[in-house]
Structures are given as structure tokens and as C-alpha cells.
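Enquirer: Here it is, the structure, as C-alpha cells.
Nothing in this text is a laboratory measurement; each read-out follows from the coordinates by a stated rule. Not measured: the values here are computed from a predicted model. Positions of Cβ are generated from backbone atoms using ideal geometry, with glycine treated the same way; all protein chains shown enter the neighbour counts.
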């Protein structure tokens, strides 16, 4: 099942793509393919290939961003992108495509705005008054394309989730080869009107500036840790020029859930777990593996969904495991021992040891020893990021910052958390 | 309610049923029916028969139904142009609908219907919509101008739409501005010299304002457009940079990359001692690193771009090595790119870390990746002298693993290390020799043989080792054979007493038993050298070789500059200029970085466009022109011992071509990465190093060989087929037209005989062509001066040009013609021999030919047989030359003459051919290679026709 974005191309382009990319025997060597002077871009979502085709020197980054965005829009409309869902909604997809892409130029692709005038599944055009129509168009093309006017809630509420994924690559000797946190601040806003928001966090640059400013009140607070943010990117609602000049984050939020910002830090990361591997080759047919994990955070906090994945050689014939905590199993189909622990408090230690029997092979190639990887979830932000405030101003409606109910939650997850062995 | 049910109807009489439903009175039923029709259309069923019925549904006030019908129209209007006209009225009406959504929808859809007749009707509504009060309609209309321009450029110009579009840049709505910019940029690309995007400080200011307000996509259009502007001075440049930097924090990677492009370009103009310059450099690194946490496909695009950026300004990312470390789960395309960048960033400061990583990678699973990692270790050694020793020992460790491809790759890079640091690491030779038997790839074998030959005096059993290779001499690849020949001669010159027999054996193998001309030539040269003046032989063969230097694959500076101007686009992903993969006139413009603002510091980072920049390029590394020369004839001149820097004349040609390049010549620039960068590297080389004296005779010999082919024959007239009847009198109401095409003195002519077989006089003749594959169009009016009386015939010659509108025809050389006279308009179609499009300057330079042949993938190769042709190869090439098919080289193998030929079509497409002619065999084989393989069939027909007449 394929879908082409531009009508300028004929079916033979589709066929060329199918033959050359989808049915090519080897692994995908590049997401951009040039066949007979035609360039194909593709991304894959489960078993659906989304492809874009061009004969010109287009902006490649834009094409991919657009394909992702299209996935987002489709997901927002009908859930998972699957063959069945696409068949069920093909008319809708046509209409969406028609609206978000014109002659290969992406147009407004914000679901919030699209919902106001996409006719399939939604508002019926003919009942709108003239004012409503022009309101739609000015909103779609206007400065605040992501929010429509006239939203009302009885209870003004907002949820902030600080979601971090901590990535680590550690050498067998315990030396950190690379570590970084990529975090996202996801906001769910249920606010009336066109609220103006201001978001503050313990960004080192901001805190230092305030400290210098000499306000004694703030100086006391800045005794708290601040963090150095390497780089951050924002949702298009954030006024970037203001951030650039004053480093303040102000915006009018879209309605509902969206990603306010992404950031990356590399300094002073709290690594929630340390993995200490020990692999010993006993002769040609046996391996002894011992792995110790240590949790490294406040004892009062609990880590969840811990999973350690210890790769085994392809010629493994049998495995015996003993673990102190949780459950461990050898999964032959995945060539790995998977060790699962439901919960673990901070400052604890646990251990697994395994004996791996190997079939003798005459394969000269050494086992590549893939790294031991780990998954977990912890209730704090490994980067140390703290939300300091989120202020809401709506001058036209009569609710103030104090009336808004705000929720903040921190979740730290493992990204690619690997220790070489 | 789901739509999937629409896909399942496959009953008989389906079309009939749908027809009934479409004409139903109930709206819901109609809607359902249209959905079914569209479902059939999606899966590729032909539902064009329902055209009138669907169009009937168009007149509705239901927006949903209307959208569906429009969707159908876009698909089928082209195949049913006459019926599409029926829809025009509704379109025009909809363009005036009170609902702006419907107005926009109508104008958007109309632009997508690529039917000439409809476009005429489109002009008026479009003009209104461009000035509509609603921004949504205006932004849609702006795009529509670009659509219309794509269908009929002339019309857009005549109607003055371009000026209206320019006015929209000052529109109050940011999205309208963005779309206008996007449309203008696209149109401007096809008019390289027009001043369409008249960028001046005022418009730039407007764009920068809109930049803060429009959607993410709009920001991309505007940034891409800004990148084409050249600020007047460094102050303006700085102020633009200041206003663009906030975009680096955008969540959309494409916005970030486009902003990087603008900054990279305008930075050129800033004085390097300016504080702001340093600030800007610092600001660029974090967003580039952030791009690496995007989805893998975007990471790939970002990495390809970062690769360019670090070549141009290595200082930006020099501290960010770690982020390019490969993750186990990265897709292979990301891994390979990261590896490339790691090597570029490797320096004394981080080499230990890099080496540890590379060693890790060398044990991974993917063979390509492992090879590249091993090669990378070698490159580190060459780049960072202090690390060389560590690199060599790492390589030795890897050789110990005995993994076959790792060993071979390691040996190839160790050879390069020897060439960089002669007489330093020879202690490892013993280890290398142990692995001699496991080498099965030509490159590794050749490298090993080179090492043995080069250090023959230190290897006790060098003669035995080389002798062992000699046993299977004829089974070896050319690369190995050549290398072996040279190595044994070296050995002989070093230890003359013990190896006389060996050298004679190899010389006789090379000269007497080999069919390979290069091997023979080289053999004879050695033989003569050794027999006439052994001292001179020693000087030549054992001459000190120039050291190779670090980066083998730096992109040639002019190309790099151009690519920097294309950051974010496909060109930057392919590392090729747009002309290499975009057809036609688009993208032929070559973009350049602006000159730096005459500060004294410019020496430190010279503007590479200038001559100084070029000569600053790092000296060449070995495999420069060998690659180019080698591949076609399947002989490889790469071996380091023999290849000196290319002769200066060649490089001059390459540079010239670089600048003069038109659409067709792109083959040169478009060489695959390795090819073009090697060329670039070759260019930077010192013109005549001592060792070059050795390679000169070899290539000289080749030249002679080529000249043989080049000088063949005198041109004869171009082939022109006999006249055939195009329009029989029956169909032409008494007018009979027969004709043919010819190319005379570089002008394409249509030669016709008009015969009046009717009873009345004919006057007022005129002719028109439909759009066709090569843009053929009459260059003047049809000259029939006197009225054509009954039973009279007249010969008319109509000169043609190839600047008309283009549309691909089937067959490719089909031409649809309309002839008008006082009686009626007649339509007929004819096929022209494609040979009349072969231009006179279709003789490709040999070098270019070889590079192009190699560059075009084998998928684009087509083979044909020409039967019953009793001509000698010389006569063949003579004949073909008359039709502008030029023989570039000739070679005789086993009594078979191979002619290498090139020809160029009027639209700049090159066709390369290999024609095999065997004496006494009337069947020739012709092998055609072309970037546009569609033309091969037609070209073959021309070959056939030309040769048989």
C-alpha cells in the first residue's frame, strides 16, 4: 500500500520505487534513492511506506519533516497508521493531503487548525456563516495558526510532563564514553481564550543572570542547582526572537496536547544505573557472564520496568541463569538473556550470573559482542531540570494565573543505555 | 463508517451501477458513489468512462461532495480534455463563491488540471483570486501561478502574473508572503538570468518580518530564498544573520538547516576578527548536534550536510567528536556517514578516543561498515602523524583476527601508510607476508605486491613471493598484473643477479601472451628501458615518489562552495551539483558563496573561489586519474608506483568544464563521489613531480591509441530518411502532405511536399506542433507564398528549433502536427529520426567519456543488434560521423573492432555507445549508455537507419 504525494507522477514511478526500494533484497542503504533521475524519499511506519517523489533539487530536510508531519496528522485523525486504517480513511487522506500540500509546497499542517475545515469526519461546511468562514481562513493563514479562537473551559487546567531519555555508552571498565539527556516538555493545556504563557526552568544562563542582577530574594533561591542546557528547540508557538534576546520562553499554546520544547544536556547527568559486566570465555564452548547493576538515586524513589538485555553468541546451545532479584530468561530468538525487575529503590545493587554453553563452530569470525543494554523508568529528571514556573495571562477573560490548576510530572526513561562488555 | 468497503466492489457491471448511483437524486447516495469511483481510481482501475456523470455532480453546494469531484477531475481531466471543458463553467463560478474555502478550492484544483484549453479560462479567475480579500484564497492563488507557469510559462508572463506575484511579497499575511516566495523561487529557477526575485534591502526586510510570523514551512521557503541574496556589505550581512539565528532553535529540522545555510553563506562576508563572527561560530554547533537526535532519515540528511560543513569550517564542530560515535542500533546509512565525519574531525587532541571507537567498529557485523572502519584507521594514521604508530599497531591487531575482509582492507591501508611515512614501519612487513595466501581481492593483492616490490631489498624471499603470484598471471585482474610487472622490475633493479630469469618471464608474459594493450605497453616500456639504459631505468622506476597527504576524499573547493549554498537540499545529500540530477534548465545555475569582506585575515581562510584557494587545496593522493582512465577499458592504472599527478592539460580542461558547464555536461561534475573528488584532488597536485616522468609514456601510449580512433574519416552528409506520406488526401480534404526531416548545416529542417488533389485553390497555409519530447517547434512560419492550384505540388522547407514546450511523447520521437489552410485544420502525427537532433559538438573529450561511462549505472545500459550490415569499422565510423555520432576511440580485440562513440542530443542529453564490429560478421552489437535510458531505443533506430543507407 503506497501513497504518492504529488499528482505529477505517474504509476510507473510507483512501480520503479516498489521494484527498486521496497522489494530490493538488501537492507535499506539510504532513505533517499535516485532512480533514473527521479529522487525517492521514504519513511516507514510499521509496514506502510510513505514515499515522496521529485525530479528537482528540493529541500530534503523539508521533505522528511513533512512526511513525519503527515504521519502525525494521520495518527491524530485515525490512530495507528496501518493498511486497514489507510483503506478505511482514504477519502480523508486525500482531503488532508490536498489541504496540507499544494503543488509540493507544504501548507498549514497543524491538526488543531485543520480540524476546523476538513469535511470528512468533522465540521460540515455548509452550515457555517460568513463570519465563521473568514475566521477559519484567517486562522489557517494567520500568525497563530495552531489555535482557534473562542475556546472555553469551565475548569482551566494544564499538565506539564518533563520526559527525559537518558543515553549512555560506557566502556567495560566503567568509563563514560558518551552520555546525554534528550528531554521534552510536553504540555496538555485546557485553557480558555487566547492565553499568553510564560515558562521558566532552572536554566543556568537565566539563573546566573538573575543572580548578577542582585535581587536578594532570587539570589537565595539560586543556591538551588541550575543546569546547563546545550541546546533546545521549540514548538512553533514559542517566540524564538524573544528567546534569543532575553532567553525567556513565551507563547500562546495550542489547545490540547503538544510538545513545547526539546532540549539536550550533557553535563552533570545523574546516571540512574550503573552496569558492571564481566564476561569470561572458558574454552571454546563456554562463556561465563556476570552482570551487576547499581541504582544511583535517592533511596526514597523507585525505579520501574527495569530490563537488562545481555546478548549471547549466535551459537549458544544452552544457558543457565541465577539472579538475585526479578526474573531472567534466555530468549533464543533474540539471542539474548532478558532480565526483568519490576521495581528497585535507589542506592541498591543486584546481580545476575549466567553460564552460556556454546556449540563448537569453525567460524573464524569472532563474536562481535554487542553491548549490554538497559531499559528503565525513574520518577525524576536525570538532567536535573526543574520547572520553576508556568504563568498564564489572559487579559480578555476573567481568570487569572491563580485560577489555573497546574500539574507537573517528571519521568526519566532510558534512551540508548549501553555498556560494552 | 469506514471507507474500505469501497475497495471491495468488483462485480460485473460495476461501472453501470455506479453511473446510476451518480445520477441519483439523493445527496448521500451520490457522495457514496463518488467515493467508490475514487476508490477504484486509487487502485488503478480505469473509471474515466464515468467522467460526464461525475462532472454532473460538481454543481452542488455541498463542500464535501465538491472536494471529491475535484479530486476525480484532477486525475482524469488530462485523458479527457474535451470533456474537462464541461467543468470549466463550474470552476469559474466557484471562483466567485461567497465561501473563501470554495474559491480557494476551485482555483487550486484548476491549476492542477494540466489541459491547455482549461488554462486559458483560468487566467481571469486567477487574476481575481490573487487580489482576493481573503488571505486563504490569495495564498492558494500564489501557488497556482507556479502551477500555471509549469504548464505554460509564456502565458504567465504575458498575463503579468509575475508582477502580481512580486507584489504579494509585501502582503500583510505571512502565509501569503511565504507561498509567493516559494512560487517565485521555483519560477526563477527556470529563468536563470531573469531578475524575478529582485532582492533588495527593502524586500529582505519584509521577508525577515514575515519569517517571525509564518508557519514552519513558510519559514523554510523564506530562508531558502534569503540564501540566494548577496548582502551589500558586512554590516548588512551581520544584521541579517542576527535576525536569522533565532531560527536555530526551531523544532523543525528543515528550518534549522535552512537557517544554517543562510548563516554559512553570509558568514563569508564577515571579517574574521569581528567578535560577532566568533559568536556565530559558537551558535552553530549546538543546533547541528541536536539534529542528530532526530529520526534516522533526518539524521542522514543532517549528517550529509554536516560532512560539507566540517569541510568548509572545521572549527565549528571540532569539540563535538563524541556525538558522532556510532550507536549499535543506528541504521547502516547513519553509521557510514558518522564514520566519515569522525575521520574529518580527527585531530591530535581526540585521536585516542577515535581509534578506540574505530577498533570497536571493526568487529561489527556489517561488512561495508567494518571495511570502512578499517580504512578509517588508515586515514587517521595519514592525517594525524603522531597517531600513526598507534594506528599501525591497531591494524596489526586486526590482522590477527584473521577475518578475511578485515585483513585485506588492513593491507590496503597499510600500503597507503607506507606511502606517507616511508621507511618507518617496515617492521610489520613480515606479519603482512604471513597473510599472503588469504588475499583474494585484487585491490589487496595489488597492495601486497606493491609492498613487496617497494621493499624488495628488505624481504629476503621477495623473489619467491612474487614468483608465486606469477604462476596464475593470466587469471589475475589487470590491476594485479600491472602491479606485479612493476614490482618484479623493481626487484630486478634492486637485486639484479638473482632475478634475471624472473623479470624475463614477466616481461614475456606481459608483452607476448597478453591481450591487454596497457599491460603490453608497460611491458615494452620496461623492456626497452632495461635493455637500452639500465641506469635511466633505475632512475625512473625507483625514483622517489611524492608523499601522499591526508584526505583522499575532500570535495573539490568550487563544488564544495556550491554545495554549501545548497544545504538542506537534495544536492547536499547526494554531494552533487543539482545539474547532475535535475533535467532541463532548472538548477543549472551555479551558486557561489559571496566573497569575504576584504579583511586582512582572509588569508587564514581564503575564499576558495579565487585562484589562491584552488592552489591551496591539499596535494593529490594516488588514485586520481587512474580511476577515470581505467574503468572503461577495464584496466586499472591505479597502482601507486606508476601514477603521477595528471598532466596539467587535463586538469585545466576539468576546471574549464566546471565553469562552463551546461546541463548536458554534468556528467563530469556528476561523477560519483569518489570520482569527482578524486578529480578535484588531482587538480590540486603540483603539475610535474619527478615520478610523473614514468607515467607519461604509459598515458602517452594510450593517447596514440585513442587518436587512431579519433581521426577516422571525413564527415559526410547527415542521414535523412526518404519522404513518406503523412497526411493522405483522403483525410486532408484533398491536401496531401508527404515529408521527411533532415539536419543540414546544423539546422533541423522539415521538408514537405504539399499536393493539392482537390478541385479548388488552397491558400493561407500555417503549421503548428503539439508539445513534444524534445521541444521541437517551427522556427518561422510556413512559407507557401503562392496559392496552391488543383493538381499542383509544392516543396516547402520549414526550419525547426528545439526551444518549444516539452512533453514526453510515446513513442519518444512522435510529433503531432496541425496544418491549416483556407479549407480546414488537419491533424497528423509523424515520427522523426532522432539523429536529426544530434548536435555537431557531440564529440566528448576522452577523459569525460571514460568518467561518464563509468558513472552511468549499468541499469541504464541497453544492448541492440544491427543485422545485415556489411561495412568495415572505418566505414561505419565515417558514416555515423556524418550524422554527428562521433567515434572517440577504437580498439581491436580478437579481431573485433570496438568503437567508442558519443553523441549529444539538442537538449543536452549525452548518449555513449560501444559498437562492436567483427570482420566478416554482418551483425553488429551496439551498447548504449545514457542517463535518460528512454532515448536508447530511438538512438538505436537511428544507428540502424544511418548504417543501412
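Enquirer: Residue B:544 to residue B:153: extension gain in nm, 0.36 nm per residue of separation minus the Cα-Cα distance?
Expert: The residue B:544-residue B:153 span can extend by a further 134.6 nm.
Enquirer: Give me the one-decimal nm value for the distance between modelled label points at residue A:359 and residue A:80, 7 Å along each residue's Cα-to-Cβ direction.
Expert: 3.4 nm
Enquirer: Set the Förster distance to 60 Å, then compute FRET efficiency between residue A:345 and residue B:59 from the Cβ-Cβ distance, nearest 0.05.
Expert: So the FRET efficiency works out to roughly 0.25.
Enquirer: Sticking with this one: With contacts defined as alpha carbon pairs under 8 Å and 6 or more residues apart, what's the relative contact order of segment B:790-949 in percent?
Expert: This gives 24 percent for segment B:790-949.
Enquirer: Run the simple label-point estimate for residue B:747 and residue B:281 please: 7 Å along Cα→C-beta, distance reported in nm.
Expert: 6.1 nm
Enquirer: What ranking do A:234-242, B:269-277 get when scored by the average of other Cβ atoms within 10 Å per residue, highest first?
Expert: Packing order, densest peptide first, comes out as A:234-242, B:269-277.
Enquirer: Let me ask another. Working out 0.36 nm times the residue gap between residue B:824 and residue B:295, then minus their Cα-Cα distance, what length gain in nm do you get to one decimal?
Expert: 184.2 nm
Enquirer: A follow-up question, please. Classify segment B:346-438: rounded, prolate or oblate, from the alpha-carbon gyration tensor (a ≥ b ≥ c, eigenvalue square roots; a/c under 1.5 rounded; otherwise prolate if a/b is larger than b/c)?
Expert: Cα axes put segment B:346-438 in the oblate bin.
Enquirer: For segment B:214-241 and segment B:784-798, write down the distance between their C-alpha centroids in whole Å.
Expert: When both Cα centres are located, 60 Å separates them.
Enquirer: In whole angstrom, note down how far apart the Cα centers of segment B:501-519 and segment B:731-781 are.
Expert: Cα centres, segment B:501-519 to segment B:731-781: 63 Å.
Enquirer: What average count of beta carbons from other chains do you get within 10 Å of the Cβ of residues in B:139-150?
Expert: Mean partner shielding for this stretch: 3.
Enquirer: Which translational diffusion coefficient, to the nearest whole µm²/s, is obtained for segment A:273-378 from the Stokes-Einstein equation, given a Kirkwood hydrodynamic radius over C-alpha pairs, 4 °C and 1.567 mPa s?
Expert: 90 µm²/s
Enquirer: Also, I was wondering about something else. How big is the gap, in Å, between the Cα center of segment B:80-94 and the Cα center of segment A:246-295?
Expert: 60 Å
Enquirer: Let me ask you something else. Let me have the relative contact order for segment B:441-542, percent, based on Cα pairs under 8 Å that are six or more residues apart.
Expert: 25 percent
Enquirer: Grab the beta carbon distance between residue B:329 and residue A:36, set R0 = 35 Å, and tell me the FRET efficiency rounded to 0.05.
Expert: E between residue B:329 and residue A:36, to the nearest 0.05, is 0.60.
Enquirer: Right, another one. Calculate the FRET efficiency for residue B:896 and residue B:402 from the Cβ-Cβ distance with a Förster distance of 51 Å, rounded to the nearest 0.05.
Expert: Working from the Cβ atoms, E equals 0.70.
Enquirer: Would you mind giving the mean number of other chain beta-carbons within 10 Å of the Cβ of each residue in A:30-42, as a whole number?
Expert: Mean partner shielding for this stretch: 5.
Enquirer: While we're here: Which whole-number percentage describes the relative contact order of segment B:724-832, with Cα contacts under 8 Å and a sequence gap of 6 or more?
Expert: 27 percent
Enquirer: Which whole number gives the average count of other chain Cβ atoms within 10 Å of the Cβ atoms across peptide B:39-50?
Expert: The per-residue average across the peptide is 1.
Enquirer: Next question. Hey, rough spin-label estimate for residue B:43 and residue B:858, points 7 angstrom out along Cα→Cβ, what's it come to in nanometres?
Expert: 3.9 nm
Enquirer: Shifting gears a bit: Work out how much length residue B:242 to residue B:477 would gain on full extension: take 0.36 nm times their residue separation and subtract the Cα-Cα distance, in nm to one decimal.
Expert: Stretched out fully, the residue B:242 to residue B:477 stretch lengthens by 78.8 nm.
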